[in-house]
1. Applying 1/(1 + (r/R0)^6) with R0 = 22 Å to the Cβ-Cβ distance of residue 534 and residue 377, what FRET efficiency is obtained, to the nearest 0.05?
2. Within segment 412-428, whose backbone N sits under 19 Å from a point 7 Å along Cα→Cβ of residue 458?
3. Restrict the search to segment 352-459; then list the GluC sites (Glu not before Pro) that DSSP places in a loop and that have at most 11 other Cβ atoms within 10 Å of their Cβ.
4. Which whole-angstrom value gives the distance between the alpha carbon centres of segment 116-189 and segment 398-447?
5. Highest first, please rank the peptides 402-408, 87-93, 518-524 by the mean number of other Cβ atoms sitting within 10 Å of their residues.
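Read-outs: derived from the displayed coordinates by stated rules, not from any lab. These figures come from a predicted structure and were not determined experimentally. FYI the Cβ positions are ideal-geometry reconstructions off the backbone, even for glycines, and counts take in every protein chain you see.
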Amino acid sequence: MRLIMFILKCVVGLLASLGFLIVAAVVALAVWADGAKRWVAAEPEIADRSVLSLDLSDGLVEARSDNPFAQLSLGHVLTLREAVEALEAAGEDPRVQGLVARLGIGELGIAQVQELRQAIGEFRETGKFTIAFAESFGEGGNGTLHYYLASAFGEVWLQPSGGFDVTGLALETPFLREALDKLGIVPRLGQREEYKGAMNTFTDRELPAPQRENLQQLLDSWLGQVARDIAAARGGDEGAVRAAIDSAPHPAAAALDSGLVDRLGYWDEVSDAVTAEAGDDVEFLALATYAKAHDPLPTPGPTVALIYGLGPVVLASSDDGGVFGDGGVMASDAVSEAIATAVEDPEIDAIVLRIDSPGGSYVASDVIWREVQLAREADKPLIVSMSNMAASGGYFVAAPAHKIVALPGTVTGSIGVVSGKLVFTGLWDKLGINWDGVEAGAAARYWSMNRDFSPEEWARLQDSLDRVYADFTGKVADGRSMAPADVAAAAKGQVWTGEDARELGLVDELGGLKAALALAAEAAGQPGERPQVKVLPEPRDPFKALLEDLLAGQIQMARLRGLVQDLTRLAATFRPLMDAMEPGPGSSEGPQLRAPELPPRP
């Protein structure tokens, strides 16, 4: 096992090294030649008559990593905040005539879609046209979320050969218990309580009834939101939308006949239609480019610190996932220090903590929770803004906030705890491998995967689960001013959409980052004023500063960026296998506040 792990890590390290050497060589060449200026693209200009174009084939990210290699790999990918603010600015910009989006490809989360839909709706309210085009809504896959986004546009085009594969939402989880039994691996894992499903992939052969019920409720809530919003946007009947989803996939002509698509055509025909609408002299401008070039929005309001808590919660400083930054983490040191800095800074009037996290380490979550609690005690307003997911440890850290804002589709809750380890002794016996050694202390091998828990140790683990669960639910009750009975009803490991969580008292309001910033301004005593946003922690990587133009994607070296992107993706391909072979969740870190695995983003 360790030999395989060693080989895999060598492969990933080799890929990382290749990427580093490629970028380092380019930087050295640029400095030596003193010719970097002629590679830099001209400062983007906004034509007097412009139409913005949005291409989501690369998806969206919450925030860019400080890791230079991750930035190079991402290229021009938009952040959600950039997209929303650019649309807001464009709505007020007389030079911008409309918006055209190419959809159908790219990873999107339902909460991200809802936040974008709101921004597009506000852009449409200014009287400017919006067109969404897709070659296909689902090319051999699920096009539900992409069509959900498209439905917010004034006009939806679909290529005649494309499919309308708006088939709904599904969750499929692999269960490894039978395979582990055959291998002689015993999952010795505990949880609180029956709905907590983070470890079921190891402990069960199928989805347990309580979790099946809870996840079905989650998916039903999601689908209800999708059908309701599509019907409202298209001026149709929710029942008809559900019937179309249930009978999908459909050919493009059927989608046109049903009124879910406005026109069939190819991209060149969309371009011609835009020209006819906006004039022959109109110029297309990528929304990502406009986001960099438009005049800043006026910010007469208070100063608000924006702090991102993205990825699994870990008890460490942020490393952005390694050399390539392929898996950011919500590092307790970085996030807690940023909150403390904002609390102590007299020039900062309020804080917004933006969370997109499935949870993780209980201790790390508690580190961040403490700083949120101290912000509350210092009467420094702290608003939590939840993105696609803020569950388990991601909800734990949010509990003391002054207010919690979530999108209707945000996954939240999962108030529970898991812990334990995988025991490999049976596998070693099958392989003829014998582990031996010495120890000092009766519990020195408590977390060792080479022996099972003793009855006394198992009892201690159960005591730990009880203690952590009581702490979690108690802190939710205190932070949310909820009765313990109400917390108990919402807890037990259950996951909720943001819409349902609001009904339960776990969330205060529905909305995106813009709504959270507005609440922060209101809490700071300046309601209705757009705040000045200060992102914390501030950039501190000197390598990033050295390569600012390169990493911003402004240097026209497409082949280089493509090669580094390929290396990054290849490294990312090996990572899940490495993660699966690492010690099981909680095997060496104690109790874990983790949400269950949920469907990939269509």
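1. Working: r = 22 Å, r/R0 = 1.00.
Calculated value: 0.50.
2. 418-427
3. Details: sites: 371, 377, 439, 456, 457; in loops: 439.
The qualifying sites are 439.
4. 31
5. Details: 402-408: 26.1, 87-93: 19.6, 518-524: 23.1.
By packing density, highest mean first, the sequence is 402-408, 518-524, 87-93.
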